[in-house]
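See structure below.
Read-outs: derived from the displayed coordinates by stated rules, not from any lab. Computed from a predicted structure; not experimentally measured. Here the Cβ positions follow ideal geometry from the backbone for every residue, glycine too, while neighbour counts run over all protein chains shown.
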Amino acid sequence: MLLEMKGLTKQFGGLTAVQSFDMHVREGEIVGLIGPNGAGKSTVFNLITGVFKPTAGQVAYDGKDITGKKPHKVAAMGIGRTFQLNPLFADFTVLDNVSASFHLRPKSSLLATFFNAGSYRKNEAYIKEASLEILGVVGLEKVKDEYAKNLPHGYQKMLGVARALATRPKVLLLDEPLGGMNPSEIDFTLNSVRKTRAQGMTFLIVEHNMQILDLCDRVVVISFGQKISEGSPKEVREDQQVIRAYLGGEHAT
């Protein structure tokens, strides 16, 4: 298990947002965490990444207990994430956005940077090469010199993924990657995630759009903070409890 949650519970005053939630992610998998709006999906993400401290339960990563650790420590251990609202540098180019994320883990000392030492110049060359490689993986290499603010919505979402990849995570948590996209942007995003997975990345994806099932090896469904289903995309599509949670009826359309 690369990532595992056991008995996760989060209460906000008298409201229980997540209750006794269990799930796991194996290395190399794409696992979907789906459910209707307000089901508790993003709360689970925030519990994993240390934004919220659970009321009860445990989060383990790569065999280590990370329950309640600060977000920067969780990220440093190898858990990357994107957000529903992408925190991009709007007036930076695509390439500069990715390069900036590498500086979250600098290899050059402050003195080397200040005096433009050989080690700093070598590191900057490495960052540019690695950034271009990431852009190639996610399909953004052709727009590397465009300003982030000028990109279509789907491209901006994938730039958020590229920036997260620059922090060199072992597992990447995507929060609503298909939100607000048109059909062509959805196709672009799904293909980009497949390409990234082929490079060895592990994904946990929160989404309410059931098109994400086409991407997943395994799916966990949450409703009102509780897990109601888990299985293959086919099994989840045919689960009557899932259908009722999404549509309030017995039959999917």
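Largest first and in whole Å, give the semi-axes of the range 33-96's equivalent ellipsoid, each being the square root of 5 times a Cα gyration tensor eigenvalue. Could the numbers behind the result be given before it?
Working: eigenvalues 123, 62, 18 Å².
The answer is 25, 18, 9 Å, longest axis first.
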Q.
Just to verify a number: FRET efficiency for Phe92 and Gln199, C-beta to C-beta distance, R0 = 35 Å, to 0.05?
A. 0.90
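For each of Lys144, Lys227, Lys53, count neighbouring Cβ atoms within 10 Å of the residue's Cβ, then give the residues from fewest to most.
Numbers: Lys144 16, Lys227 21, Lys53 12.
Lowest count first: Lys53, Lys144, Lys227.
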Q. Using a cut-off of 17 Å between alpha-carbon atoms, which lysines can reach Lys227, once sequence neighbours fewer than 8 places away in the same chain are excluded?
A. Lys6, Lys10, Lys41
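Order these by the 10 Å Cβ neighbour count, fewest first: Tyr246, Tyr155. Walk me through the numbers before you get to the answer.
On the way: Tyr246 17, Tyr155 22.
Fewest-to-most ranking of Tyr246, Tyr155: Tyr246, Tyr155.
Which FRET efficiency, nearest 0.05, do Asp62 and Leu132 yield, Cβ-Cβ r, R0 22 Å?
Values: r = 29 Å, r/R0 = 1.31.
The computed FRET efficiency comes out at 0.15.
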Q. For the chain, what is the largest minus smallest coordinate of the Cα atoms on each principal axis, given in angstrom and ordered from greatest to least?
A. 64, 39, 31
Q.
If I take every Cα pair under 8 Å that is 6 or more residues apart in the chain, average their sequence separation and divide by the length, what percent do I get for the relative contact order?
A. 27
Q: For the range 152-183 and the range 49-84, write down the distance between their C-alpha centroids in whole Å.
A: 19
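Taking 0.36 nm per intervening residue step and subtracting the Cα-Cα distance, what contour gain separates Glu238 from Arg26 on full extension?
Values: separation 212, 0.36 × 212 = 76.32 nm, distance 2.39 nm.
Result: 73.9 nm gained on full extension.
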**Q.** Shape of the range 1-63, Cα gyration tensor, a/c cut at 1.5
**A.** oblate
**Q.** Rough spin-label spacing in nm, given labels placed 7 Å along Cα→Cβ, for Asn37 and Asn209
**A.** 1.4
Q | Phi to ³J(HN,Hα) by Karplus 6.51 cos²θ - 1.76 cosθ + 1.60 over the range 176-182, Hz, x for Gly, Pro | A | 6, x, 9, x, x, 8, 8
(Q) What is the angle, in °, between the Cα long axis of helix 153-165 and the longest principal axis of the Cα atoms in the chain? Nearest 10 is fine, range 0 to 90. (A) 70
Q: Extending each Cα 7 Å along its Cβ direction at Phe83 and Leu15, get the distance between those two points in nm, one decimal.
A: 2.0
